[in-house]
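Have a look at this one.
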Amino acid sequence: MKDCVFCRIVARETPADIEYEDDAVLAFKDIYPKAPIHLLIVPKRHIASIIVMEREDAEAIGRCFLAARSLGEAKGLAERGYRLRVNCGPEGGQVVYHVHVHFLAGGRERGA
Ligand code: 5GP
Ligand code: ZN
């Protein structure tokens, strides 16, 4: 998707502070962090929203949650925990229409 900001990050056409990558998933720092640790975990393949996800998208979206687990362990957060959030649609607060899991940790969220 040419006009999708997260597809451009996946394609390395827009810079981002990348923290995790595998064959299906990319995770990078949110440009406007709302917690001391605020990452966005995205499937590499464009899926606009959970609202329109299909059964065939379940693997890629599930892999985002596995990536969250890996990130949590790598950051030593497995015991203390962290928050995962997926905003869905306009009233769900979704602004970027490429599925992403917010990974928030290290203190209280700002402005949530
Ligand atoms: P949403 O409200 O759609 O769930 O969250 C979109 C998130 O993407 C926001 O937290 C926003 O700060 C972040 N964001 C928007 N544009 C960019 C960008 O170009 N780079 C990065 N790293 N984050 C972005
Ligand atoms: Zn996209």
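In region 8-23, which residues are surrounded by fewer than 17 Cβ atoms within 10 Å (Cβ to Cβ) and over 12 Å from the mean Cα position of the chain (by Cα)?
Answer for region 8-23, where residues must be surrounded by fewer than 17 Cβ atoms within 10 Å (Cβ to Cβ) and over 12 Å from the mean Cα position of the chain (by Cα): 8, 11, 12, 13, 14, 15, 17, 22, 23.
Here is a follow-up. Answer yes or no as to whether residue 83 is under 20 Å from residue 19 (Cα atoms) and among the basic types (Lys, Arg).
yes
Residue by residue through region 15-52, note down the ones that are touching a helix residue (DSSP H, G or I) at 6+ places or on another chain (Cβ under 9 Å) and farther than 29 Å from residue 77 by Cα.
Of everything in region 15-52, just one residue is touching a helix residue (DSSP H, G or I) at 6+ places or on another chain (Cβ under 9 Å) and farther than 29 Å from residue 77 by Cα, namely 51.
Here's a follow-up. How many residues are in contact with a strand residue (DSSP E or B) (Cβ under 7 Å, 6 or more places away or on another chain) and either within 13 Å of residue 39 (Cβ to Cβ) or basic (Lys, Arg) (or both) if we restrict to region 87-108?
Residues flagged as in contact with a strand residue (DSSP E or B) (Cβ under 7 Å, 6 or more places away or on another chain) and either within 13 Å of residue 39 (Cβ to Cβ) or basic (Lys, Arg) (or both) within region 87-108 amount to 7.
Name the pairs: first residue in region 80-103 and touching a residue at least 60 places away in the same chain (Cβ under 8 Å), second residue within 16 Å of ligand 2 (Cβ to nearest atom) and among the hydroxyl-bearing types (Ser, Thr, Tyr), Cβ to Cβ under 9 Å, at least 6 apart or on different chains?
Cβ pairs passing all conditions: 97/49; 98/49.
Between a first residue in region 2-20 that is closer than 18 Å to residue 94 by Cβ and within 9 Å of ligand 1 (Cβ to nearest atom) and a second residue that is part of a loop (DSSP other than H, G, I, E, B) and among the aliphatic types (A, V, I, L, M), which pairs have beta carbons less than 7 Å apart while being 6 or more apart in sequence or on different chains?
Between residues of region 2-20 that are closer than 18 Å to residue 94 by Cβ and within 9 Å of ligand 1 (Cβ to nearest atom) and residues that are part of a loop (DSSP other than H, G, I, E, B) and among the aliphatic types (A, V, I, L, M), the close pairs are 5/96; 6/96; 9/16.
Something else now. How many of the residues in region 28-48 are farther than 14 Å from residue 87 by Cβ, within 16 Å of ligand 2 (Cβ to nearest atom) and assigned to a strand (DSSP E or B)?
Total meeting the criteria: 2.
Select from region 49-72 the residues that are part of a helix (DSSP H, G or I) and of a type in the set (Asp, Glu) and list them in ascending order.
The answer is 56, 57, 59.
Would you mention how many residues in region 12-27 are among the hydroxyl-bearing types (Ser, Thr, Tyr) and in a loop (DSSP other than H, G, I, E, B)?
1
Read-outs throughout are calculated quantities, based only on the coordinates presented, and are distinct from any laboratory measurement. Nothing here was measured: the structure is a model prediction, and the numbers come from that model. Every residue, glycine as well, gets a Cβ built from its backbone with ideal geometry; the counts of neighbours run over all protein chains shown.
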